[in-house]
Amino acid sequence: MTALALGGFGIGTTEFATMGLLPQIAETFGIPDYEAGHAISLYAAGVVVGAPLIAVLGAKLPRKGMLIGLMLAVALGNGLSAAAQDKTLLLLARFVAGLPHGAFFGIAAVVAATLVAPERRGTAVARVMVGLTLANLVGVPLATAAGQQIGWRTAYLAVAVIALLTAAAIAAWVPLVPKVEGASMKGEVRAFGRPTVWFAIFTGMIGFGGMFAVYSYVAPLTTEVAGLPGGAVPWVLAVFGLGMTLGATFGGRFVDRSPAGSVFGGLIAVCVILVLFGLTATIPVFLLLLLFLLGFTIQILAAALQIRLMDASPDAPSLAASSNHSSLNVANGAGAWLGGLAIAAGWGYTSTAWVGVALSVAGLAIAVASVLYERRALTRETTNQTMAMASAASTTVDTHPR
């Protein structure tokens, strides 16, 4: 678990550090903050493309070997990011860096789930995500501080080093995990034919956009809305990371009890938090408190969606688990883009909270539709079974007259 969490730490740092370094990146290339935010969107696009593609192509490959290869790809993408000399090259490098993200977390979640009892899967998946949460607690604030003092390129170089160390740790510590019986490219793709899979994907894709609409612009929200100095940004990021870490540490218990209930509770909580954020973000103490609660809640929601997808596709767990991160990074890109549109329209940085509320409500509506569909499908299946049993009984009576 330690090696997998270390990989999550590196990936989480590279994903979220960009958000804290937007002003520095924008200054380097002479562009506005919201245009620098395209680096976030391109990273997310890489995750969206890479997660299902790698999961399908690697269906028959040993999972340990895939994890090592994916971390080497993370090192490459971040090295290219650090070396980028213009905006276009940076965007391309961020896309490359995002390609292994979802597949790594997806395969790591499957590996972790196979090492524990079925009723402990939520906790196991949450523990894998601890690395991601620690990235927000420690890695992202340190990368942001280093980026402000030394230069934003150092953050990506540091992640490249972490990725190489993770590859070595996985080779040394992670046990060999047997492949799923009958695993194949065709079997993995077949999972996309199930409506329950798509409901879970769209719930994360839309619902998580609310968080990213706000968090993508946490640096200017801290300095221009709450009126804190630039040096406070790393501390604000650490507060969000603390919330995520505690959510991953304790939230798995909620997911173990009820994945569906955790999805609904998480989305409702996010809606409430973002409404309060839109009303009170100008007050520093409320900015910090609500970012902490947002981090805590979304970590529970992420683990719940992960389990929902794995349950919906038991014969293609790698694709299902990877697709969760793909959907969350669609949310990442869409949230950053829609939040940027609101800012560019002159509505101010707090308008991102209201964009987030709209996305979270839409995600909640999709989750409700998912449950209704599942209930109707179960009712239909029960009715068909009852009719089949009645028909069999009638046939038995007819062929054995008294």
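Looking only at region 1-34, residues that are closer than 20 Å to Thr223 by Cβ, at pLDDT 85 or above and not hydroxyl-bearing (Ser, Thr, Tyr) come to 12 in all. Quick check, is Ala155 of a type outside the set (S, T, N, Q), open to solvent by 40 Å² or more (accessible area, probe 1.4 Å), modelled with pLDDT of 90 or more and assigned by the TED database to the domain that holds Ala75? No; evaluated as a whole, the condition is false for this residue. Among the residues of region 325-377, the ones that are closer than 30 Å to Ala26 by Cα and either part of a helix (DSSP H, G or I) or in contact with a helix residue (DSSP H, G or I) (Cβ under 9 Å, 6 or more places away or on another chain) (or both) come to 35 in all. Across region 67-95, the qualifying residues are those that are under 25 Å from Leu309 (Cβ atoms) and surrounded by fewer than 24 Cβ atoms within 10 Å (Cβ to Cβ), and the one among them that is nearest to the chain's Cα centre (by Cα) is Phe95. For region 267-297, filtering for residues that are under 25 Å from Ile366 (Cα atoms) and touching a residue at least 40 places away in the same chain (Cβ under 8 Å) leaves 14.
Within region 213-224, how many residues turn out to be closer than 15 Å to Trp354 by Cα and open to solvent by 10 Å² or more (accessible area, probe 1.4 Å)?
Pass one, region 213-224, residues closer than 15 Å to Trp354 by Cα: 213-218, 221.
Filter once more, keeping what is open to solvent by 10 Å² or more (accessible area, probe 1.4 Å): none.
Residues in region 213-224 being closer than 15 Å to Trp354 by Cα and open to solvent by 10 Å² or more (accessible area, probe 1.4 Å): 0 in total.
Scan region 30-66 residue by residue and report those that are surrounded by fewer than 17 Cβ atoms within 10 Å (Cβ to Cβ) and within 20 Å of the chain's Cα centre (by Cα). Of everything in region 30-66, those that are surrounded by fewer than 17 Cβ atoms within 10 Å (Cβ to Cβ) and within 20 Å of the chain's Cα centre (by Cα) turn out to be Val49, Leu53. With respect to the conditions (1) within 17 Å of Val197 (Cβ to Cβ); (2) open to solvent by less than 30 Å² (accessible area, probe 1.4 Å); (3) not acidic (Asp, Glu), Ala336 falls short on a single one, namely (1). In region 171-226, what residues are of a type in the set (D, E, K, R) and at pLDDT below 90? Passing the criteria: Lys179, Glu181, Lys186, Glu188, Arg190, Arg194. The residues of region 32-74 that are assigned to a loop (DSSP other than H, G, I, E, B) and basic (Lys, Arg) amount to a single one, Lys60. Each residue in region 139-160 was checked for being among the hydrophobic types (A, V, I, L, M, F, W, C) and without any contact (Cβ under 8 Å) to a residue 60 or more places away in the chain, and 2 of them qualify.
The values are calculated or read from the model by the stated rules, or taken from the named source; none is laboratory data. Note that the structure is predicted; figures quoted are calculated from it, not measured. Methodologically, a virtual Cβ is constructed for each residue, glycine included, from the backbone with ideal geometry; neighbour enumeration extends over all protein chains shown. Only protein heavy atoms, including side chains, enter the accessible area calculation; ligands, DNA and RNA are left aside. Shrake-Rupley method; radii C 1.70, N 1.55, O 1.52, S 1.80 Å.
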